1. For residues that are within 16 Å of the ligand (Cβ to nearest atom), assigned to a loop (DSSP other than H, G, I, E, B), in contact with a strand residue (DSSP E or B) (Cβ under 9 Å, 6 or more places away or on another chain) and not β-branched (Val, Ile, Thr), tally how many sit in region 82-112.
2. Conditions: (1) more than 16 Å from the ligand (Cβ to nearest atom); (2) modelled with pLDDT of 95 or more; (3) over 23 Å from ALA179 (Cβ atoms). GLY260 meets all but one. Number of the miss?
3. Which of the numbered conditions does ILE190 fail, given that it passes all the others? Conditions: (1) surrounded by fewer than 16 Cβ atoms within 10 Å (Cβ to Cβ); (2) without any contact (Cβ under 8 Å) to a residue 24 or more places away in the chain.
4. Of the numbered conditions (1) among the hydrophobic types (A, V, I, L, M, F, W, C); (2) buried (at least 18 other Cβ atoms within 10 Å of the Cβ); (3) over 18 Å from the mean Cα position of the chain (by Cα); (4) modelled with pLDDT of 95 or more, ILE11 fails exactly one; give the number of that condition.
5. Looking at region 236-258 only, could you name the residues that are more than 13 Å from ALA273 (Cβ to Cβ) and buried (at least 16 other Cβ atoms within 10 Å of the Cβ)?
6. Return the pair list, or none, for Cβ contacts closer than 8 Å from residues in region 98-111 that are within 10 Å of GLU141 (Cα to Cα) and among the aliphatic types (A, V, I, L, M) to residues that are away from the ligand (no atom under 11 Å from the Cβ) and at pLDDT below 95, at least 6 apart or on different chains.
7. Residues of region 214-235 being more than 10 Å from the ligand (Cβ to nearest atom), assigned to a loop (DSSP other than H, G, I, E, B) and surrounded by fewer than 24 Cβ atoms within 10 Å (Cβ to Cβ), which ones?
8. Of VAL233, VAL152, which residue is more than 17 Å from the chain's Cα centre (by Cα) and over 21 Å from VAL65 (Cα atoms)?
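The values are calculated or read from the model by the stated rules, or taken from the named source; none is laboratory data. Computed from a predicted structure; not experimentally measured. Cβ atoms come from the backbone with ideal geometry, glycine included; neighbour counts cover every protein chain shown.
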Amino acid sequence: MNRWTVGDVSIHRVEETQLPAEIGQWLLPNVDPQSISVNGHQTRTGGIASGTHSFAMTSQGRKIVVDTGIGNAKTRDNPAWDHLQTPYIERLTAAGFAPETVDLVLLTHLHADHVGWNTTWSDGEWVPTFSRATYVMSHAEREYWSTTDVEVARAVMIDDSVKPLEKRDMLSTPRIPPAGLDITSEVRLIPTPGHTPGHLSVLIHSEGQQAIISGDALHHSIQLEHPEINASVDINADQAASTRFKLLTWAAEEQILLLGSHFPAPSGGYVRAEGKKFHFDPRG
Ligand SMILES: [Zn+2]
(Lines give C-alpha, C1' and ligand atoms only; values in the text may rest on other atoms or scores of the structure.)
Protein backbone atom coordinates (compact mmCIF):
# COMPACT_ATOMS: atom_id res chain seq x y z
CA MET A 1 0.00 0.00 0.00
CA ASN A 2 1.24 3.51 -0.80
CA ARG A 3 0.52 6.63 1.15
CA TRP A 4 1.09 10.31 0.44
CA THR A 5 0.76 13.38 2.64
CA VAL A 6 -0.75 16.53 1.17
CA GLY A 7 -0.79 19.16 3.92
CA ASP A 8 -3.19 17.84 6.56
CA VAL A 9 -4.53 15.04 4.33
CA SER A 10 -3.08 11.52 4.15
CA ILE A 11 -4.01 9.74 0.94
CA HIS A 12 -3.88 5.93 0.86
CA ARG A 13 -3.79 3.78 -2.23
CA VAL A 14 -5.88 0.67 -1.60
CA GLU A 15 -5.16 -1.99 -4.17
CA GLU A 16 -7.86 -4.13 -5.69
CA THR A 17 -5.99 -6.07 -8.38
CA GLN A 18 -3.28 -5.95 -10.99
CA LEU A 19 -4.64 -6.43 -14.47
CA PRO A 20 -3.39 -8.83 -17.14
CA ALA A 21 -1.13 -7.40 -19.85
CA GLU A 22 -3.88 -7.88 -22.46
CA ILE A 23 -5.97 -5.25 -20.69
CA GLY A 24 -3.20 -2.68 -21.07
CA GLN A 25 -2.92 -3.53 -24.76
CA TRP A 26 -6.69 -3.30 -25.23
CA LEU A 27 -6.84 0.07 -23.46
CA LEU A 28 -3.88 1.54 -25.34
CA PRO A 29 -3.76 -0.23 -28.72
CA ASN A 30 -1.50 2.47 -30.18
CA VAL A 31 1.26 1.86 -27.68
CA ASP A 32 4.09 -0.51 -28.52
CA PRO A 33 4.82 -2.33 -25.22
CA GLN A 34 8.52 -2.32 -26.16
CA SER A 35 8.53 1.47 -26.13
CA ILE A 36 7.53 1.49 -22.49
CA SER A 37 10.70 -0.25 -21.42
CA VAL A 38 12.62 2.94 -22.19
CA ASN A 39 10.16 4.94 -20.11
CA GLY A 40 11.87 3.53 -17.05
CA HIS A 41 8.67 3.22 -15.07
CA GLN A 42 5.84 0.76 -14.68
CA THR A 43 7.09 -1.92 -16.97
CA ARG A 44 6.01 -5.49 -16.60
CA THR A 45 7.63 -7.99 -18.88
CA GLY A 46 5.46 -8.69 -21.85
CA GLY A 47 3.01 -5.83 -21.69
CA ILE A 48 1.53 -2.62 -20.44
CA ALA A 49 1.12 -2.82 -16.68
CA SER A 50 -2.09 -1.56 -15.10
CA GLY A 51 -4.29 -2.18 -12.11
CA THR A 52 -7.36 -1.07 -10.19
CA HIS A 53 -7.37 0.61 -6.79
CA SER A 54 -9.15 3.19 -4.69
CA PHE A 55 -7.70 6.24 -3.05
CA ALA A 56 -8.90 6.79 0.52
CA MET A 57 -8.42 9.84 2.74
CA THR A 58 -9.81 11.71 5.72
CA SER A 59 -10.59 15.39 5.23
CA GLN A 60 -11.95 17.48 8.09
CA GLY A 61 -13.21 14.40 9.88
CA ARG A 62 -14.93 12.90 6.84
CA LYS A 63 -13.72 9.59 5.47
CA ILE A 64 -13.66 9.64 1.70
CA VAL A 65 -13.10 6.85 -0.83
CA VAL A 66 -12.48 7.71 -4.49
CA ASP A 67 -13.64 5.04 -6.98
CA THR A 68 -14.56 1.50 -6.03
CA GLY A 69 -12.83 -0.79 -8.53
CA ILE A 70 -14.34 -3.84 -10.19
CA GLY A 71 -15.94 -5.52 -7.16
CA ASN A 72 -16.27 -9.14 -6.16
CA ALA A 73 -18.54 -11.70 -7.81
CA LYS A 74 -19.96 -9.44 -10.49
CA THR A 75 -21.06 -10.90 -13.82
CA ARG A 76 -19.11 -9.06 -16.51
CA ASP A 77 -18.34 -9.61 -20.20
CA ASN A 78 -14.71 -8.63 -19.72
CA PRO A 79 -12.94 -11.78 -18.45
CA ALA A 80 -10.60 -9.70 -16.27
CA TRP A 81 -13.59 -8.19 -14.45
CA ASP A 82 -15.85 -11.28 -14.37
CA HIS A 83 -16.50 -12.87 -10.95
CA LEU A 84 -13.39 -11.33 -9.45
CA GLN A 85 -12.46 -12.28 -5.89
CA THR A 86 -10.01 -10.05 -4.03
CA PRO A 87 -9.45 -9.07 -0.37
CA TYR A 88 -10.15 -5.41 -1.22
CA ILE A 89 -12.44 -4.84 1.79
CA GLU A 90 -9.83 -6.31 4.15
CA ARG A 91 -7.23 -3.96 2.68
CA LEU A 92 -9.53 -0.96 2.93
CA THR A 93 -10.31 -1.83 6.56
CA ALA A 94 -6.62 -2.28 7.37
CA ALA A 95 -5.98 1.23 6.00
CA GLY A 96 -8.55 2.60 8.46
CA PHE A 97 -11.53 2.79 6.13
CA ALA A 98 -13.88 0.02 7.20
CA PRO A 99 -16.84 0.38 4.80
CA GLU A 100 -19.40 1.25 7.49
CA THR A 101 -17.20 4.16 8.65
CA VAL A 102 -16.93 5.85 5.25
CA ASP A 103 -18.86 9.11 4.79
CA LEU A 104 -18.40 9.83 1.08
CA VAL A 105 -17.70 7.75 -2.01
CA LEU A 106 -16.62 9.91 -4.95
CA LEU A 107 -17.00 8.28 -8.37
CA THR A 108 -14.94 9.66 -11.24
CA HIS A 109 -17.24 8.07 -13.81
CA LEU A 110 -19.67 5.28 -14.50
CA HIS A 111 -17.48 2.49 -15.88
CA ALA A 112 -17.46 -1.06 -14.51
CA ASP A 113 -13.93 -0.82 -13.11
CA HIS A 114 -14.74 2.29 -11.04
CA VAL A 115 -18.10 1.49 -9.44
CA GLY A 116 -17.91 -2.24 -8.69
CA TRP A 117 -17.52 -2.13 -4.91
CA ASN A 118 -20.42 0.31 -4.70
CA THR A 119 -22.39 -2.80 -3.82
CA THR A 120 -21.90 -6.24 -2.28
CA TRP A 121 -24.01 -9.38 -2.69
CA SER A 122 -25.92 -10.05 0.53
CA ASP A 123 -29.03 -12.14 1.22
CA GLY A 124 -29.92 -12.46 -2.43
CA GLU A 125 -29.46 -8.85 -3.51
CA TRP A 126 -26.83 -6.19 -4.22
CA VAL A 127 -26.67 -3.79 -1.29
CA PRO A 128 -24.53 -0.68 -0.75
CA THR A 129 -21.08 -1.71 0.56
CA PHE A 130 -20.61 1.67 2.23
CA SER A 131 -23.78 1.46 4.26
CA ARG A 132 -23.95 5.00 5.61
CA ALA A 133 -22.10 6.86 2.86
CA THR A 134 -23.32 9.35 0.31
CA TYR A 135 -22.07 8.32 -3.12
CA VAL A 136 -21.33 11.19 -5.52
CA MET A 137 -21.22 11.17 -9.33
CA SER A 138 -21.61 14.15 -11.66
CA HIS A 139 -25.07 14.96 -12.96
CA ALA A 140 -23.69 14.97 -16.51
CA GLU A 141 -22.34 11.43 -16.08
CA ARG A 142 -25.51 9.91 -14.64
CA GLU A 143 -27.63 11.68 -17.23
CA TYR A 144 -25.47 10.50 -20.13
CA TRP A 145 -25.85 6.85 -19.15
CA SER A 146 -29.58 7.17 -18.56
CA THR A 147 -30.21 8.82 -21.94
CA THR A 148 -27.91 6.62 -24.03
CA ASP A 149 -28.86 3.24 -25.44
CA VAL A 150 -26.52 0.91 -23.62
CA GLU A 151 -25.60 -2.66 -24.42
CA VAL A 152 -26.85 -5.44 -22.13
CA ALA A 153 -23.56 -5.80 -20.24
CA ARG A 154 -23.58 -2.13 -19.27
CA ALA A 155 -27.23 -2.26 -18.24
CA VAL A 156 -26.36 -5.20 -15.97
CA MET A 157 -23.57 -3.13 -14.40
CA ILE A 158 -25.86 -0.15 -13.81
CA ASP A 159 -28.50 -2.47 -12.33
CA ASP A 160 -26.10 -4.12 -9.88
CA SER A 161 -23.84 -1.18 -8.97
CA VAL A 162 -25.85 2.05 -9.33
CA LYS A 163 -29.58 1.35 -9.03
CA PRO A 164 -29.29 -0.19 -5.51
CA LEU A 165 -27.92 3.20 -4.38
CA GLU A 166 -30.64 5.14 -6.14
CA LYS A 167 -33.32 2.90 -4.65
CA ARG A 168 -32.10 3.92 -1.19
CA ASP A 169 -31.54 7.58 -2.11
CA MET A 170 -27.78 7.25 -1.48
CA LEU A 171 -26.54 8.63 -4.82
CA SER A 172 -26.01 12.38 -5.14
CA THR A 173 -25.54 13.77 -8.66
CA PRO A 174 -24.58 17.45 -8.39
CA ARG A 175 -23.99 19.66 -11.41
CA ILE A 176 -20.28 20.50 -11.49
CA PRO A 177 -19.35 24.07 -12.52
CA PRO A 178 -16.30 24.44 -14.81
CA ALA A 179 -14.18 25.64 -11.86
CA GLY A 180 -15.16 22.59 -9.83
CA LEU A 181 -17.28 21.79 -6.79
CA ASP A 182 -15.94 21.77 -3.22
CA ILE A 183 -16.74 18.62 -1.24
CA THR A 184 -14.77 19.86 1.76
CA SER A 185 -12.47 22.88 1.93
CA GLU A 186 -9.65 20.46 0.96
CA VAL A 187 -11.33 18.27 -1.66
CA ARG A 188 -12.74 19.53 -4.95
CA LEU A 189 -14.36 17.74 -7.88
CA ILE A 190 -12.95 18.99 -11.20
CA PRO A 191 -14.67 18.28 -14.56
CA THR A 192 -12.28 16.41 -16.89
CA PRO A 193 -14.58 15.32 -19.74
CA GLY A 194 -13.64 13.23 -22.75
CA HIS A 195 -13.11 9.72 -21.48
CA THR A 196 -16.78 10.01 -20.55
CA PRO A 197 -18.96 13.15 -20.78
CA GLY A 198 -19.30 13.70 -17.03
CA HIS A 199 -15.87 12.46 -15.99
CA LEU A 200 -14.38 14.00 -12.83
CA SER A 201 -10.95 14.26 -11.30
CA VAL A 202 -10.47 14.89 -7.59
CA LEU A 203 -8.21 17.70 -6.38
CA ILE A 204 -6.84 17.57 -2.83
CA HIS A 205 -5.33 20.83 -1.56
CA SER A 206 -4.09 21.59 1.92
CA GLU A 207 -1.42 23.83 3.43
CA GLY A 208 -0.14 24.91 0.03
CA GLN A 209 0.24 21.35 -1.29
CA GLN A 210 -1.91 19.72 -3.97
CA ALA A 211 -2.65 16.30 -5.44
CA ILE A 212 -5.03 15.24 -8.20
CA ILE A 213 -6.63 11.86 -8.72
CA SER A 214 -6.93 11.73 -12.48
CA GLY A 215 -9.47 8.93 -12.92
CA ASP A 216 -9.39 7.79 -16.55
CA ALA A 217 -8.21 11.12 -17.97
CA LEU A 218 -4.98 9.09 -18.05
CA HIS A 219 -4.55 5.32 -18.11
CA HIS A 220 -0.76 4.97 -18.08
CA SER A 221 2.35 7.08 -17.59
CA ILE A 222 3.27 6.53 -21.25
CA GLN A 223 0.55 9.13 -21.94
CA LEU A 224 2.79 11.74 -20.30
CA GLU A 225 5.44 11.20 -22.95
CA HIS A 226 2.70 10.87 -25.56
CA PRO A 227 -0.30 12.90 -24.36
CA GLU A 228 -1.87 12.52 -27.80
CA ILE A 229 -2.38 8.77 -27.29
CA ASN A 230 -5.98 8.05 -26.40
CA ALA A 231 -7.45 5.01 -24.74
CA SER A 232 -9.67 2.76 -26.86
CA VAL A 233 -12.48 3.47 -24.41
CA ASP A 234 -12.34 7.28 -24.54
CA ILE A 235 -15.81 8.29 -25.74
CA ASN A 236 -14.80 11.66 -27.20
CA ALA A 237 -11.20 11.24 -28.39
CA ASP A 238 -10.47 14.91 -29.22
CA GLN A 239 -11.89 16.13 -25.93
CA ALA A 240 -10.03 13.40 -23.99
CA ALA A 241 -6.70 14.43 -25.55
CA SER A 242 -7.32 18.12 -24.89
CA THR A 243 -8.39 17.46 -21.27
CA ARG A 244 -5.30 15.27 -20.73
CA PHE A 245 -2.96 17.95 -22.05
CA LYS A 246 -4.58 20.66 -19.88
CA LEU A 247 -4.47 18.45 -16.79
CA LEU A 248 -0.79 17.59 -17.28
CA THR A 249 0.13 21.23 -17.99
CA TRP A 250 -1.64 22.30 -14.80
CA ALA A 251 0.01 19.53 -12.75
CA ALA A 252 3.45 20.50 -14.06
CA GLU A 253 2.95 24.24 -13.51
CA GLU A 254 1.62 23.95 -9.98
CA GLN A 255 3.67 20.95 -8.79
CA ILE A 256 0.51 18.90 -8.23
CA LEU A 257 1.10 15.29 -7.21
CA LEU A 258 -0.55 13.17 -9.91
CA LEU A 259 -2.32 10.03 -8.65
CA GLY A 260 -3.18 7.70 -11.54
CA SER A 261 -6.26 5.56 -11.15
CA HIS A 262 -4.81 2.69 -13.22
CA PHE A 263 -1.07 3.32 -12.75
CA PRO A 264 0.57 0.35 -11.03
CA ALA A 265 2.30 0.99 -7.69
CA PRO A 266 3.37 3.50 -6.64
CA SER A 267 0.69 5.12 -8.87
CA GLY A 268 1.73 8.65 -7.88
CA GLY A 269 4.34 11.12 -8.99
CA TYR A 270 5.23 14.62 -10.09
CA VAL A 271 4.90 15.91 -13.64
CA ARG A 272 7.55 17.93 -15.44
CA ALA A 273 6.88 19.61 -18.79
CA GLU A 274 9.37 18.99 -21.59
CA GLY A 275 8.11 20.98 -24.58
CA LYS A 276 4.85 19.35 -25.68
CA LYS A 277 5.65 16.24 -23.67
CA PHE A 278 5.81 15.48 -19.99
CA HIS A 279 8.03 13.45 -17.73
CA PHE A 280 6.74 11.41 -14.80
CA ASP A 281 8.76 11.28 -11.60
CA PRO A 282 7.19 8.50 -9.45
CA ARG A 283 6.73 9.07 -5.71
CA GLY A 284 5.16 6.95 -3.05
ZN1 LIG B 1 -10.95 2.71 -15.79
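1. Count: 3.
2. (1)
3. Checking ILE190 against (1) surrounded by fewer than 16 Cβ atoms within 10 Å (Cβ to Cβ); (2) without any contact (Cβ under 8 Å) to a residue 24 or more places away in the chain, the one that fails is (1).
4. The single condition ILE11 does not satisfy is (3).
5. If the condition is that a residue be more than 13 Å from ALA273 (Cβ to Cβ) and buried (at least 16 other Cβ atoms within 10 Å of the Cβ), then ASN236, GLN239, ALA240, ALA241, THR243, ARG244, LEU257 are the ones that fit.
6. none
7. Within region 214-235, HIS226, PRO227, GLU228, ILE229, ASN230, SER232, ASP234, ILE235 qualify.
8. The conditions single out VAL152.
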